[in-house]
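See below for the structure under consideration.
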Amino acid sequence: VEQQARFAPLSEQILSKLPNATVVIINHYKELFNRRKQCFSFQKLSPKLILANKRPPFLYPLSKQCQPFFEPHVFYTTPMINCVFDCSFCFLKGMVDSANIVIFVNIDDFFDEVRCAASTVGLDTSISLHISYESDLLALERLTGLCRRWLDFAHTIPNLKVEVRTKSGVFLKKAAPLDRFVAAWSLSPDEVIQKYEIGTPKLFARLSAALSAANQGFLIRLCFDPVIPIDNSAGVYGQLFETVFRTIPRRSILDVGIGPIRAEKSLLKKMKKVNPDCDLFWDETAPSSEILAVELTETLSRFIEKEKIALWQSQS
Ligand code: SF4
């Protein structure tokens, strides 16, 4: 815990839920988190929690590897870095040197910055904010309550749209729905989940959570992302689409994203170093994932209007 974050209300809340934790006071989270020569895969076996204050900037433009989903002013923010799950294709493995999880406890500073950005663009323009790209915020909701805080905040800013991306098997209970707060589920066939999305909830659990959000009145974004070439990909993904569109009511589906495995070359190199035996990093996998995404987009259009499908394709 950073010295200056020790008595923040969110630190107190989190620490009260971890009564057996050994608390080590540090100066700046980067002294630990950005240390050289850390072993990501070893730390992943028992990640530690770091509570810290985020310093500016709080908003970042969306990277080319991410999908803007038909929105013009799109940003992402990082209330948390790293994730309790362990997906083989996670770009975080190439981006950060540590598997420890950082939670930024100065949430009001994030809100101040977003409020300022929203007022700068003017009320007749919306800004879209992705709050869960470098983590899975909902997966740690019981500990942090951060998703609910963001939802409450979004209710107060009329030109703010928020996307929370997740693989979680739970959603907020009894939350006040808001059309501008989109719950986006990353969905994969169980064959992929079992092999490449270690520790994540099974498809059934994710769909149950998405259905619970839909039943509360939230709009759902379905993300088939990344699609992974496996035996009988067309059949397995076709079955996945059948199950998903049979489960989530059409009126609750805002849009659908689909895309291949993607990361810049330098990231891929580092990801491969963390997972040297993983077949996702074989040279032919990424191109065949691109082809598969295009083919599956056709299949998807049998389930939902084409205008609602956002296909991510390589920018090169
Ligand atoms: S759920 Fe997302 S953030 Fe978490 S390990 Fe998987 S890809 Fe990474």
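The values are calculated or read from the model by the stated rules, or taken from the named source; none is laboratory data. Nothing here was measured: the structure is a model prediction, and the numbers come from that model. As a convention, Cβ positions derive from the backbone with ideal geometry for all residues, glycine included, and neighbour counts pool all protein chains shown.
Of the residues ILE309, ILE291, ILE230, which single one is within 20 Å of the chain's Cα centre (by Cα) and surrounded by fewer than 20 Cβ atoms within 10 Å (Cβ to Cβ)?
ILE309
Scanning the stretch 259-278 for residues that are modelled with pLDDT of 85 or more, surrounded by 14 or more Cβ atoms within 10 Å (Cβ to Cβ) and either within 17 Å of PRO229 (Cα to Cα) or in contact with a strand residue (DSSP E or B) (Cβ under 8 Å, 6 or more places away or on another chain) (or both) yields GLY259, PRO260, ILE261, CYS278.
Rundown of residues vs (1) surrounded by fewer than 17 Cβ atoms within 10 Å (Cβ to Cβ); (2) closer than 22 Å to ASN275 by Cβ; (3) modelled with pLDDT under 95; (4) in contact with a Cys (Cβ under 8 Å, 6 or more places away or on another chain), yes/no style:
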position	(1), (2), (3), (4)
TYR29	no, no, no, no
GLN38	yes, yes, yes, no
PHE70	yes, no, yes, no
HIS73	no, no, yes, no
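Please work out which residue is nearest to the chain's Cα centre (by Cα), limiting yourself to the stretch 176-194 and to residues that are within 15 Å of the ligand (Cβ to nearest atom) and free of Cβ contacts under 8 Å to residues at least 24 places away in the same chain. Across the stretch 176-194, the extreme among qualifying residues is ILE193.
For the stretch 68-88, the tally of residues that are in a loop (DSSP other than H, G, I, E, B), more than 14 Å from the ligand (Cβ to nearest atom) and not hydroxyl-bearing (Ser, Thr, Tyr) stands at 6. Screening VAL96 with (1) modelled with pLDDT of 95 or more; (2) surrounded by fewer than 19 Cβ atoms within 10 Å (Cβ to Cβ); (3) β-branched (Val, Ile, Thr); (4) within 16 Å of the ligand (Cβ to nearest atom) gives one miss only, at (1). Residues of the stretch 149-157 include at least one that is buried (at least 18 other Cβ atoms within 10 Å of the Cβ), in a loop (DSSP other than H, G, I, E, B) and away from the ligand (no atom under 14 Å from the Cβ). Taken residue by residue, the stretch 43-58 has no member that is more than 21 Å from ALA8 (Cβ to Cβ), touching a residue at least 60 places away in the same chain (Cβ under 8 Å), within 16 Å of the ligand (Cβ to nearest atom) and surrounded by fewer than 21 Cβ atoms within 10 Å (Cβ to Cβ).
Restricted to the stretch 89-148, the set of helices (runs of 4 or more DSSP H) holding at least 3 residues that are within 18 Å of ASN159 (Cα to Cα) and without any contact (Cβ under 8 Å) to a residue 60 or more places away in the chain comprises 107-121. Scanning the stretch 75-93 for residues that are buried (at least 22 other Cβ atoms within 10 Å of the Cβ) and of a type in the set (Phe, Trp, Tyr) gives a single hit, PHE89.
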